[in-house]
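The values are calculated or read from the model by the stated rules, or taken from the named source; none is laboratory data. Bear in mind that the values here come from a model prediction, so they are computed numbers and not experimental data. Note: ideal-geometry Cβ built from the backbone for every residue, glycine included; neighbour counts use all protein chains shown.
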Amino acid sequence: MRPPRHRRKPTPEPAAFASWLLIALFLFSSCARTESPSLKVDDLQPGTGAEAVSGKLVTVHYTGWLVNGTKFDSSVDRNQTLTFRLGAGRVIRGWDEGLVGMKVGGKRKLTIPPRLGYGAKGSGKSIPPNATLIFEIDLLNVREPQR
């Protein structure tokens with residue numbers, strides 16, 4: 001009697017193994033992704049004037065909407081501009097980050113994820129918790145702050 005031969009397990013086809021590995025990696029990366037989308041900046045009309053940089057005073061007109069199209073605020077409707085020091089935390093972070101580099105005369109659309117807007121708390125009755133915000137902003141002026 002001969003001793004039993006040990007059979008080798010068949011090795012999987014390289015293409016089948018690669019396909020399985022890609023599917024596993026895709027599923028893992030989909031489940032592991034927890035970060036919020038990032039700020040989206042679209043220049044609707046480039047400006048040609050002074051550039052908005054952190055620390056400068058900027059004057060803007062703006063209109064803000066929720067992603068469902070509901071308008072929640074507009075300086076244009078009130079005919080009242082807003083002036084603030086860029087980068088000083090006087091406005092939501094999405095504005096402080098999204099207006100940098102814009103030039104006077106420009107119009108920019110910002111799509112702001114909740115973490116750069118009002119977050120889990122929302123704001124008043126018009127901005128619900130975890131809302132993505134859309135703003136169209138016209139940059140009217142950039143100047144040095146008074147000392």
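A few comments on the model shown:
- Selection status of Val100, β-branched (Val, Ile, Thr) and either assigned to a strand (DSSP E or B) or loosely packed, with under 15 Cβ neighbours inside 10 Å (or both): no
- Residue in the stretch 135-142 that is among the polar types (S, T, N, Q) and either closer than 21 Å to Leu57 by Cβ or at pLDDT below 95 (or both) present: yes
- One residue stands out among those in the stretch 134-147 that are of a type in the set (A, V, I, L, M, F, W, C) and under 21 Å from Ser54 (Cβ atoms): the one that is surrounded by the fewest Cβ atoms within 10 Å (Cβ to Cβ), which is Leu140.
- Number of positions in the stretch 76-98 that are farther than 17 Å from Ser123 by Cβ and in contact with a Lys or Arg (Cβ under 6 Å, 6 or more places away or on another chain): 1
- Any hit, the stretch 80-93, residues being surrounded by 14 or more Cβ atoms within 10 Å (Cβ to Cβ), under 13 Å from the mean Cα position of the chain (by Cα) and touching a residue at least 12 places away in the same chain (Cβ under 8 Å): yes
- Restricting the stretch 103-122 to residues that are crowded, with 18+ Cβ neighbours inside 10 Å and free of Cβ contacts under 8 Å to residues at least 40 places away in the same chain leaves a set whose member that is farthest from Thr63 (Cα to Cα) is Tyr118.
- Considering only residues in the stretch 53-63 that are touching a Leu at 6+ places or on another chain (Cβ under 6 Å) and either aliphatic (A, V, I, L, M) or part of a strand (DSSP E or B) (or both), the one that is nearest to Gly124 (Cα to Cα) turns out to be Val60.
- Those residues of the stretch 50-79 which are over 16 Å from Asp138 (Cα atoms) and surrounded by fewer than 15 Cβ atoms within 10 Å (Cβ to Cβ), in sequence order: Ser54, Gly55, Val67, Asn68, Gly69, Thr70, Lys71
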